[in-house]
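Engineer: Quick one: the structure is below, questions incoming.
The values are calculated or read from the model by the stated rules, or taken from the named source; none is laboratory data. As the structure is a computational prediction, the values presented were derived from the model and not from experiment. All Cβ positions, even for glycine, are placed from backbone atoms using ideal geometry, and neighbour counts span all protein chains on display. Quick note on the areas: whole protein, heavy atoms, side chains included, nothing else; ligands and nucleic acids left out. Shrake-Rupley method; radii C 1.70, N 1.55, O 1.52, S 1.80 Å.
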Amino acid sequence: VQLQASGGGLVQAGGSLRLSCAASGRTFSRYVMGWFRQAPGKEREFVASISRNGGSTYYADNVKGRFTISRENAENTVYLQMNSLKPEDTAVYYCAASNLVIPTPSSYNYDYWGQGTLVTVSS
């Protein structure tokens with residue numbers, strides 16, 4: 001599957017952005033989907049993941065309550081709604097697809113990656 005992330009940009013602290021990740025192919029619903037991010041000089045970190053039918057979601061502690069992951073299988077798209085953004089949320093955000101049955105926070109369990117979209121939060 002090929003993934004294309006979009007929706008990044010520059011936003012002030014406290015603002016919101018919605019990222020989208022469009023997937024090619026007709027098997028999107030078979031994949032657990034996740035969002036990761038990588039800030040300059042830091043390692044890639046888990047942000048959120050969602051089960052194949054969208055019924056279960058998982059978040060990193062530092063985004064819980066502010067970010068919401070969702071998916072629309074009919075449109076082959078996964079979303080990340082980001083509210084109350086902070087400067088420390090600045091990073092390149094990546095979407096990823098996993099062949100595992102249940103959502104996972106480990107990047108090693110994701111088989112396909114999008115190209116990333118840059119989110120910059122100004123103070």
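Engineer: Say whether the condition of being of a type in the set (A, V, I, L, M, F, W, C), open to solvent by less than 40 Å² (accessible area, probe 1.4 Å), in a strand (DSSP E or B) and under 18 Å from P40 (Cβ atoms) is met by at least one residue in region 73-81.
Structural biologist: no
Engineer: Oh, and also: Looking at region 25-45 only, could you name the residues that are in a loop (DSSP other than H, G, I, E, B), closer than 13 Å to V92 by Cα and without any contact (Cβ under 8 Å) to a residue 60 or more places away in the chain?
Structural biologist: If the condition is that a residue be in a loop (DSSP other than H, G, I, E, B), closer than 13 Å to V92 by Cα and without any contact (Cβ under 8 Å) to a residue 60 or more places away in the chain, then A39, P40, G41, K42, E43 are the ones that fit.
Engineer: Only one residue in R18, R26 is of a type in the set (D, E, K, R) and closer than 17 Å to L118 by Cα, so which one is that?
Structural biologist: None of the others qualify; the one that does is R18.
Engineer: Quick one: which residue in A22, A48, A5, A97 is touching an Asp or Glu at 6+ places or on another chain (Cβ under 7 Å) and in a strand (DSSP E or B)?
Structural biologist: After applying the criteria, what remains is A97.
Engineer: Residue by residue through region 33-54, note down the ones that are among the polar types (S, T, N, Q) and touching a Phe, Trp or Tyr at 6+ places or on another chain (Cβ under 6 Å).
Structural biologist: S49, the sole residue that qualifies.
Engineer: Which residue, of T57, T120, is surrounded by 13 or more Cβ atoms within 10 Å (Cβ to Cβ) and closer than 22 Å to G15 by Cα?
Structural biologist: So the residue among T57, T120 that is surrounded by 13 or more Cβ atoms within 10 Å (Cβ to Cβ) and closer than 22 Å to G15 by Cα is T120.
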